[in-house]
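First up is the structure itself, then whatever we jot down about it.
Coordinate-derived values only; no laboratory data. What you see is a predicted model, and the numbers here were worked out from it, not measured in a lab. Note: ideal-geometry Cβ built from the backbone for every residue, glycine included; neighbour counts use all protein chains shown.
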């Protein structure tokens, strides 16, 4: 075999080995791309409407219609790569349920202090300054029950007090809130703290933490 023949044979064998090696190398798989349409409920918060009424005394309020959230149904085209979401395109949105507005009546009837004094409501009664918060009948707000420690349902006109500061059963007039009865207690309600009952969680949250004047009526 001549030199050229040997060299040619060696080159040919090397090329075959190289091709075989490349054929045996692992190939990186292409990513799996998929897409589907998904529908999502998107909440619509309800609004609160306050309506003045002369049927309630000034400073008091009453919830006459509870609010309820609505929702839209949104359709999205979601694209996945190897099972992971990589993009989301909004295709459309339609109303699923219309929200129901919360309606609160706010009292406008003036309080005639002279008339009340003649009946003995204000005459000789003391006024105390207290720190007010709010609570509602929900289990989260009222320790797992919608009832007070005296068995009454939590709501507007029911307040929690420290019985050592204001006795249970005392009738009160609270500025910015209205008439109430001390009918509940609370672990955090000590001294001049007072917890104002509300019919809804939103009403309770709106109280925040504020200073109020409380007139003791009996």
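Peptides 60-71, 179-190, 92-103 ranked from most to least packed give 179-190, 60-71, 92-103, packing being the mean of other C-beta atoms within 10 angstrom over each peptide's residues.
The calculated FRET efficiency for residue 192 paired with residue 44, based on their beta-carbon distance and R0 = 41 Å, is about 0.50.
Using only the Cα atoms, work out Rg/Rh for the stretch 33-102, with Rh taken as the Kirkwood radius, to two decimals.
The Rg/Rh ratio comes out at 1.34.
With the cut-off at under 18 Å, measuring from each backbone N in the stretch 88-105 to a point 7 Å along the Cα-to-Cβ line of residue 74 picks out 88-99. Taking packing as the residue-averaged number of other Cβ atoms within 10 angstrom, the listed peptides 159-165, 194-200 run from highest to lowest as 194-200, 159-165. For the pair residue 55 and residue 85, label points projected 7 Å from Cα toward Cβ lie 4.7 nm apart. Extension gain, residue 146-residue 98: 0.36 nm per intervening residue step, less the Cα-Cα distance, totals 14.5 nm.
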